[in-house]
Structures are given as C-alpha cells and as structure tokens.
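Read through the structure below, which is laid out as structure tokens, and then see the notes.
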Amino acid sequence: MIGELAALSLTNPSDSNYAGFIRDSPSLVAMAARCTQRTSELERFIELAQMSAPYLVRNHVATPHALAILNEEATLALALLPARTPADRHAQREHGFALLRAVQELDDPTLEPNARAAFGIETLSATTAGAVATNALAHALSRYRELASAQSAATVHHVEDAASLRAFVVQVPDFEALYRDVEVHARAAARLSAMLVDDDLGRQQHDDIAMALQGAQLQTRIALLRIAVAPAHTETERWSRLAGDVIPHPAPQLAATLTLARKMRVSLRDMLAAHPLA
C-alpha cells in the first residue's frame, strides 16, 4: 500500500529526474478522486460497523485508521503541489473547501485559517469568480479523461482489504531514511540555485536547471511532510530544526501546510490511542 506522498517521492534522483517531476507533474484531479474514494470507503466502514458485532469492529479498527492516514497524506499533497491545469485548480480548490467544512466541526480555532492559507482559499470577488467558473467547467469536461490517463503509484483500497490496511498502519516509516532524503534534496536545491547565477547559461539550460530546482525544492517539502504527518514520529524538535534549516523563510501557504501536517499527526496519534489495534 502506497500513500500519495510516498508515491510522489523520488529516490536518488538526478537533475533530469527533478526536472521530469515538474514537467510531468501528477494529476490533482486523479489525486482528489482517490481521496474521495477513500472517504467513501471510510463512510462505508462506519455503516457496516453500526450493523456488526462489537468484536468484529474491534478486529478491523485498523481499516478506518489506514484510510484516515492515507487521506491526510493526500490532503497535504493536494495543498503542496502546483496545479498544472484549470481542472487541477478546481480539484484543489474543492478539496480545500471540503477540508474547511471538516475542520469547522473541530475545537481547534487555528485549523480553519491554516486550511485556508494552505489551499489559497480567498473570498470570491468579481476578479476571481470568472476564473473559478472556468476551472469548474474545465474540470467537468476533462475529469474522466484525466482519470483514465493518470499515472500514479498511489493505491486505493476497499474495506475488504483489511489485511493490507492493517499492515499499512503497523508499518513504521524509516524516519532516518526520510531525514536523509530531506538533506539530499535540500543540498541538490542549493546546488541548482547556485548554478542559476552562471552568466554563461543558455536559455534552454537555464530553464532546465530552474525546473530541476523546483523539483528538488518540492521533494524536500514532500519528505518533510512525510515525517511530520506520520503518527509514529516523535522527534518533533529534530524535525523543526531541520525544517528551519532547509526552509528558513517559508511562504505563508507552505508554512500553513507544514503546520497542518503537524496537527494531523497529533490527531492521528490521538485516534490510534483512543482506538488501539486489537
């Protein structure tokens, strides 16, 4: 089983791999659709649980845990990644509004402003309404084509896949490897950034390096988010120090996304503690 952030991660990438990640960036339409599918399965599990014996529910409590973890990862990926098409922008915006509706039911008053900032949600105006309508139309026209052509290692599962879902929950990420990934990508980003100041670069070479730089920066952030959202992660001070080193001045949208990841981890840990695996 592979979550959205893990599916986006590059292993030992070259500069061309970094550039290719941006050039062939994933479909947010397809990512949002997978998120919706998991939400439907979570709702289906709740319906089944209401009609089942308590011992059966306890034996399958890993299922809602896994679906929740997978969807939290997907939410972070949707907030982080750049939208490549109008349809992507619509899918991203709609997921942001779904997140807003969910956090409004919780007690933490900081969640709503962070959700708004992470997804760039602003009040509609005469200036933005036309773009929103155009994006919605593009989504309606291209959604099925996007879903058919999307390529991703991220997986979707049903409540019947209880064994796989349980295995996903109990598997602890290799945090040392993820910390190394952050450092590797950050060093690559620093190297590529320095290369861009070379006056002898041709236009195409400059564009290729700039694209690779964007890819390295995104991979740094993906690795940071994978650590931050993992319920098993406990070295929060170490994470904060590294995040401050590699992203010393995050833009408000990125800062909000990183904050959401940390809050999601706490929420997931609380859920696992309240409903431990049988």
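Counting only residues that are part of a helix (DSSP H, G or I) and without any contact (Cβ under 8 Å) to a residue 24 or more places away in the chain, region 210-242 holds 5 of them.
Looking at region 234-257, which of its residues are under 15 Å from GLY120 (Cβ atoms) and open to solvent by less than 30 Å² (accessible area, probe 1.4 Å)? Answer for region 234-257, where residues must be under 15 Å from GLY120 (Cβ atoms) and open to solvent by less than 30 Å² (accessible area, probe 1.4 Å): LEU254, ALA256, THR257.
Within region 61-81, residues that are over 13 Å from VAL156 (Cβ atoms) reach partners that are among the polar types (S, T, N, Q) with beta carbons closer than 6 Å, at six or more positions or on different chains, in the pairs LEU78/GLN92; ALA79/THR257; LEU80/THR257. When ARG116, ARG44, ARG38 are checked against the criterion of being open to solvent by 50 Å² or more (accessible area, probe 1.4 Å) and either in contact with a helix residue (DSSP H, G or I) (Cβ under 8 Å, 6 or more places away or on another chain) or within 18 Å of LEU268 (Cα to Cα) (or both), a single residue qualifies: ARG116.
Among the residues of region 96-113, the one identified as open to solvent by less than 30 Å² (accessible area, probe 1.4 Å) and of a type outside the set (A, V, I, L, M) is GLY96. What's the number of the only condition in (1) farther than 20 Å from THR85 by Cα; (2) of a type in the set (D, E, K, R); (3) modelled with pLDDT under 95 that ASP15 fails to meet? With respect to (1) farther than 20 Å from THR85 by Cα; (2) of a type in the set (D, E, K, R); (3) modelled with pLDDT under 95, ASP15 is out only on (3). Filtering region 266-277 for residues that are touching a Gly at 6+ places or on another chain (Cβ under 9 Å) and surrounded by 11 or more Cβ atoms within 10 Å (Cβ to Cβ) leaves an empty set. Name the single residue, out of those in region 192-229 being crowded, with 19+ Cβ neighbours inside 10 Å and among the β-branched types (Val, Ile, Thr), that is nearest to ASP15 (Cα to Cα). Out of the qualifying residues, it is ILE209.
Considering (1) surrounded by fewer than 19 Cβ atoms within 10 Å (Cβ to Cβ); (2) among the basic types (Lys, Arg); (3) touching a residue at least 40 places away in the same chain (Cβ under 8 Å), the lone condition that ARG187 does not fulfil carries the number (3).
I need the helices (runs of 4 or more DSSP H) fully contained in region 1-82, keeping only those with at least 3 residues that are more than 30 Å from HIS206 (Cα to Cα).
Per the criteria, 28-50, 54-59, 62-80.
Just to verify a result, which residue in region 18-45, among those that are of a type in the set (Val, Ile, Thr) and modelled with pLDDT under 95, is farthest from LEU67 (Cα to Cα)?
VAL29
The values are calculated or read from the model by the stated rules, or taken from the named source; none is laboratory data. Predicted, not measured: the structure shown is a model, and the values here were computed from it. Because the Cβ atoms are built from the backbone with ideal geometry, glycine has one as well, and the counts that use them run over all protein chains shown. For the accessible areas, the whole protein counts, side chains as well, though only heavy atoms, and no ligand, DNA or RNA atoms are used. Shrake-Rupley method; radii C 1.70, N 1.55, O 1.52, S 1.80 Å.
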